[in-house]
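Let me begin by presenting the structure, written as structure tokens, before commenting on it.
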Amino acid sequence: MTIPGQQAPSDGPEALLTVDGLVKHFPITKGLLRRQVGAVQAVDGLTFDVRTGETLGVVGESGCGKSTMGRLITRLLEPTGGRVTFRGKDISHLGVAGMRPLRRDIQMIFQDPYSSLNPRHTVGTIVGAPFKLQGITPEGGVKKEVQRLLELVGLSPEHYNRYPHEFSGGQRQRIGIARALALKPKLVVADEPVSALDVSIQAQVVNLLDDLQDELGLTYVIIAHDLSVIRHVSDRIAVMYLGKLVELTDRTSLYAKPMHPYTKALLSAVPVPDPKRRTKRERILLKGDVPSPISPPSGCRFHTRCWKATDVCKAQEPPLLALEPGHQVACHHPENAPEAAAAGAAGG
Amino acid sequence: MTTAAAPSPASGPASGPGEPPTAFLDVRDLRIHFPTDDGLVKSVDGLSFQLEKGRTLGIVGESGSGKSVTSLGIMGLHTVGQYGRGKARISGEIWLDGKELMSADPDEVRRLRGREMAMIFQDPLSAMHPYFTIGHQIVEAYRVHHSDAGKKTARKRAVELLDRVGIPQPDRRVDDYPHQFSGGMRQRAMIAMALVNNPELLIADEPTTALDVTVQAQILDLIRDLQKEFGSAVIVITHDLGVVAELADDILVMYGGRCVERGPAEQLFSAPRHPYTWGLLGSMPRIDREQTERLIPVKGSPPSLINIPSGCAFNPRCPYADVPAGGITRTERPELRLVTGAAGGPGGGQHWSACHMAEEERTRIWTEEIAPKL
Amino acid sequence: MFAYIVRRLFAVIVMLLVVILVTFGIFFAIPKFTGSDPALMYVGKQADPAAIEGIRQKLGLGEPILEQFWNFVRGIFAGRDYASANDSVHCPAPCFGYSFRHESPIWPELTSRLPVTLSLAGGACVLWVTGGVLTGVVSALKRGTVWDRTAMTVALSGVSLPIYFTALLSLAVFKYKLGWVGGEYTSFGDDPGSWFGGLILPWVTLAFLYAAMYARLTRATMLEVLGEDYIRTARAKGLAEPVVIGKHAMRSTMTPILTVLGMDLGALVGGAILTETAFSLPGLGQAAVAAINERDLPMILGVTLITASAVVFANLVVDLLYAVIDPRVRLS
């Protein structure tokens, strides 16, 4: 194991996307003069990478900044600070023109299948739009390619001339996915791709995303609040709390031995569909709600709700350290940690 | 035909139509239809169940299964919904504590609302009036049923309940407006408002869907504690199987406006006997175990309530629709039948399911084909 | 709440100064830039050159624009003397100008006419808000019934018919044919009965135009509010229907109505001019029409300032009411 301290962002397989110290603050202005009185610290210093071919799950409660993070790495938003590198190229501050060629490689799927599709356009126009925007004519023509895409996501090619309102929620989400895949992207960022869907439809879309990844070799960043969905789809999982990354590790170790108290509480809070277990299992109930990202708590942002918090947590922000190979956590008093590493984290 | 031999659960095990029931809440053959320009929306189409005090019934279903309309129908609020006022057609019987509500004077039902039966809604922000203080809204709920109570008494009661549901500094926060509360606090205040008159029936419609996971856990705990304390009958309506597993003693699965399966919670999760319930369980990613297999989704989409498939409403999506001979699944609607295999087990004689397949066949499919994959 | 009121009052003062500046600019400064002679406009084309020169001196038209503006504003608070080489007239505070056509200060003329316009506007406003809102609420509650369709058809005609048409029609029917109402304008202080009798027809005519709009707005808003979750909550509490509608739903329905009312009070002047002319009411609107015909610029300026101030104050009241109704306005 290397010295726990500064990590090189990429260990292991090649990193497709690297995020280093990413910050996004939304200014809050007041009065006629639009004087800035504060900022929503939506994302406040994220460092991680996305490896080629993997699915990185990003999970957290409302206000944790996960959606803002998604919009930053797809460059729908410009970061206030830090760097986003895609295949070795710094894209943090590229303009619209600079991003255009990269839009082919980075695509986004949105949560709401009802509002993310223009109701006045046919499915053919919607799914074919990326070709038009990029000025590309696919082999065999746009129409043929769009029909191929529709088939790929489990719709019928005859749906080409229909309008979004003729489709159910699950089918609309498939249209959104077809549009995202049109230009054969390398990276797909999906923000709550299934949370607006019914349970039985949710499973169809999750399976579809799974199949498409195998078939097309996609890399996913899937953002969701549902820990069960995240567990099912992800290879590695990042847990966010109030704009910070509190834990980042592979799926198995996150669920088997979470190190951050927040992760532990989050996992224990999810209702388990097994009535036999409701009396047996240990449950950590956190106090109160998530604090406002406008004035987040000092030190470790979780200390106001943490049962393990001590003075050091209020004063000092814990760095994100690899306490075990591939298991990064930002906590002064980690759970399930090897003794030496835990001591190191508490001391440093 | 096996349906004739089985006791008909539509009228409940102990009593026929019109007879007073033995259960605290007895819903019999409830139908709620809404005429619309596109056709008749059959939101609830023949639903029956009983509920005793001190028990929690979880009603599970996807959007458009009729679960929310059911709860509004019991409250007498079905005319308020999305299809417009006063146009609903409702039939059947709803017995609450020995009184039949459907034939009762509307004003009498109104006086039961908020006092004997209360409701918690999904989104506490939109469910509270933005222009009145939390305290005012709770006081109002109290005084409408306690006309003799003074403002001071009512306010004291409001503070007391806010304290009980875990609002810090309740004597100060009672004068706050809903927008000054966080999401979790608002749902607590909503619960306080529902409990202010010690209702005997509490209906919670998706009580935690709008909340974050950690706050959801707090609210589920609160509901469970309060039920122990107040001993009321509780109906929890949700799409989340996790939530019912946490709260419910009994579960009723709705599909296309009807009950497809109903039984004790443990049985429903460990030995479900309806293909739709299997589909729900197979669709759900699990937090509590490592899954390498793919999910097993239900094909297709939930049916339109205007055009419910003939025969078994689930037949177009059912992988076993062709198992029963003669295409009966497409022509004849299956009635709820007692699951006899479970009769000897815990909660025996309480597990019902509406499927044309023979019970042995379903038991075999579940144990051999479905359960191992979950 | 206090801070909110102070903020709004400060905004009103700034707004009034801007109103004076703009009005003044239009009437005094622009003719200067365009080269036409304001003094000429004050006395008419046939006046002899000596009279024109006298007025020019009295108004100080030779002075820089800013100084003219300052003199005007000072006159409002301190009174003003209009002096030329030959003579001098005094205009006591508040001096909103001096009509050289009628050889009298503007202010007494305005104050004598203001009650007429206020009576007309105030009465019509009460009438249209109550009438419109009630009709709208009943229509919303009885959606799709004969009542609803009739009310909305009448409302549509109210919105589309021009006011001079309805005014003349009602005069012809109720005054000349049936003789139910009539009489001249009488001030409220003199005889409340005749005051009411003389104004009832103008009120109804003016209110009809607006009530129609308010009925439609109320109906739409009420229908939307009735679909809100908190109305369902109110019913689930066991509140009686009149409380649900009258308290919970009305409170929310009032918000957009107030917003529109604030804007309409401004536009009301236009309606009042036509109504006063049609019914021969000696109000500000009639004065404005007369002043325009007579090219009596100081009078036009005075009327404009008074009505502009009325709009600003009406909006202040609406803003304060808004804060009373919606705690989110008050507390943020």
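The table for this structure:
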| item | result |
| --- | --- |
| Helices (runs of 4 or more DSSP H) wholly inside segment B:234-337 that include at least 1 residues being under 24 Å from A:A196 (Cα atoms) | B:241-247, B:275-283 |
| Residue, nearest to B:P319 (Cα to Cα), within segment B:262-276, restricted to residues that are open to solvent by less than 10 Å² (accessible area, probe 1.4 Å) and out of contact with any Phe, Trp or Tyr (no Cβ under 9 Å at 6 or more places or on another chain) | B:L268 |
| Options B:D250, B:D225, B:D205, B:D240; residue that is acidic (D, E), open to solvent by 10 Å² or more (accessible area, probe 1.4 Å) and over 30 Å from B:R317 (Cβ atoms) | B:D225 |
| Criterion violated by C:D81 - all others in (1) open to solvent by 60 Å² or more (accessible area, probe 1.4 Å); (2) within 21 Å of C:E276 (Cα to Cα) satisfied | (2) |
| C:R113 being touching a residue at least 24 places away in the same chain (Cβ under 8 Å) and part of a loop (DSSP other than H, G, I, E, B) | no |
| Scan of segment A:291-319 for residues that are out of contact with any helix residue (DSSP H, G or I) (no Cβ under 8 Å at 6 or more places or on another chain) and assigned to a loop (DSSP other than H, G, I, E, B), ordered by number | A:S292, A:P293, A:I294, A:S295, A:P296, A:R301, A:T310, A:Q316, A:E317, A:P319 |
| From the options B:I235, B:I203, B:I251, residue that is within 10 Å of chain A (Cβ to nearest Cβ), at pLDDT 95 or above and under 19 Å from the mean Cα position of the chain (by Cα) | B:I251 |
| Checking A:G169 against (1) modelled with pLDDT of 90 or more; (2) closer than 26 Å to A:L76 by Cβ, the condition it does not meet | (1) |
| When residues of segment B:160-189 are limited to those that are within 11 Å of chain A (Cβ to nearest Cβ) and in contact (Cβ under 8 Å) with a residue 60 or more places away in the chain, the one surrounded by the fewest Cβ atoms within 10 Å (Cβ to Cβ) | B:R186 |
| Subset of segment A:194-210 [aliphatic (A, V, I, L, M) and facing chain B (nearest Cβ under 7 Å)] | A:V199, A:I201, A:A203, A:V206 |
| Flag for A:K244 being within 16 Å of the chain's Cα centre (by Cα) and of a type in the set (K, R) | yes |
| First in segment A:177-200 and hydroxyl-bearing (S, T, Y), second anywhere and in a loop (DSSP other than H, G, I, E, B), Cβ under 7 Å, 6 or more apart | A:S195/A:Q111; A:S195/A:H225; A:S195/A:D226; A:S200/B:E62; A:S200/B:P297; A:S200/B:V298 |
| Restricting segment B:208-222 to residues that are open to solvent by 10 Å² or more (accessible area, probe 1.4 Å) and not β-branched (V, I, T), the residue that is farthest from A:R278 (Cα to Cα) | B:A210 |
| Answer residue from segment B:206-232, given it is at the interface with chain A (Cβ under 10 Å from one of its Cβ atoms) and among the hydroxyl-bearing types (S, T, Y) and is farthest from B:K99 (Cα to Cα) among those | B:T214 |
| Any hit, segment C:251-261, residues being closer than 24 Å to C:T135 by Cβ, loosely packed, with under 15 Cβ neighbours inside 10 Å and of a type in the set (D, E, K, R) | no |
| A:A182, sole failed condition from (1) of a type in the set (A, V, I, L, M, F, W, C); (2) within 30 Å of A:E61 (Cβ to Cβ); (3) open to solvent by less than 10 Å² (accessible area, probe 1.4 Å) | (2) |
| Number of the exception - A:K257 against (1) within 11 Å of chain B (Cβ to nearest Cβ); (2) out of contact with any Asp or Glu (no Cβ under 7 Å at 6 or more places or on another chain); (3) modelled with pLDDT of 90 or more | (1) |
| Test: residue in segment C:283-296 that is within 14 Å of chain B (Cβ to nearest Cβ) and modelled with pLDDT of 85 or more | no |
| Which numbered condition B:E335 misses (of (1) at pLDDT 85 or above; (2) closer than 27 Å to A:P275 by Cα; (3) out of contact with any strand residue (DSSP E or B) (no Cβ under 8 Å at 6 or more places or on another chain); (4) within 14 Å of chain A (Cβ to nearest Cβ)) | (4) |
| Output for segment B:77-105, where each listed residue is closer than 17 Å to C:K237 by Cα, at pLDDT below 90 and in contact with a Leu (Cβ under 9 Å, 6 or more places away or on another chain) | B:H78, B:T79, B:V80, B:G81 |
| Close pairs (7 angstrom Cβ cut-off, 6 or more residues apart or separate chains): more than 15 Å from C:V19 (Cα to Cα) in segment C:311-327, hydroxyl-bearing (S, T, Y) and at pLDDT 85 or above anywhere | C:I325/B:Y131; C:I325/C:T255; C:D326/B:Y131; C:D326/C:T255; C:P327/B:Y131; C:P327/B:Y177 |
| Enumeration of residues in segment C:293-306 that are open to solvent by less than 50 Å² (accessible area, probe 1.4 Å) and either outside any helix (DSSP H, G or I) or within 15 Å of C:A207 (Cβ to Cβ) (or both) | C:D296 |
| Tally, over segment C:272-292, of residues that are open to solvent by less than 10 Å² (accessible area, probe 1.4 Å) and assigned to a helix (DSSP H, G or I) | 7 |
| Subset of segment A:220-238 [more than 11 Å from every other protein chain (Cβ to nearest Cβ), more than 10 Å from A:V58 (Cα to Cα) and surrounded by 21 or more Cβ atoms within 10 Å (Cβ to Cβ)] | A:Y220 |
| Meets criteria (within 27 Å of the chain's Cα centre (by Cα), crowded, with 21+ Cβ neighbours inside 10 Å, of a type in the set (G, A, S) and assigned to a helix (DSSP H, G or I)) for B:A192 | yes |
| Condition check for B:D171: part of a loop (DSSP other than H, G, I, E, B) and over 28 Å from the mean Cα position of the chain (by Cα) | no |
| Count of residues meeting criterion [facing chain B (nearest Cβ under 8 Å) and either part of a helix (DSSP H, G or I) or open to solvent by 20 Å² or more (accessible area, probe 1.4 Å) (or both)] in segment C:195-240 | 12 |
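Yes/no matrix, rows are residues, columns are (1) without any contact (Cβ under 8 Å) to a residue 12 or more places away in the chain; (2) within 24 Å of A:I222 (Cβ to Cβ):
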{"residue": "A:G81", "(1), (2)": "no, no"}
{"residue": "A:G88", "(1), (2)": "yes, yes"}
{"residue": "A:M99", "(1), (2)": "no, yes"}
{"residue": "A:G141", "(1), (2)": "yes, no"}
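Listed here are the residues, each with its yes/no results for (1) buried (at least 17 other Cβ atoms within 10 Å of the Cβ); (2) in contact with a Pro (Cβ under 6 Å, 6 or more places away or on another chain).
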site	(1), (2)
A:L242	yes, yes
A:A269	yes, no
A:V272	yes, no
A:R277	no, no
A:K287	no, no
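The values are calculated or read from the model by the stated rules, or taken from the named source; none is laboratory data. Note that this is a predicted model, so its numbers are computed, not measured. Counting neighbours? That spans all protein chains shown, and the Cβs are built from the backbone with ideal geometry, glycine included. Keep in mind that these areas ignore ligands, DNA and RNA; they rest on the heavy atoms of the full protein, side chains included. Shrake-Rupley method; radii C 1.70, N 1.55, O 1.52, S 1.80 Å.
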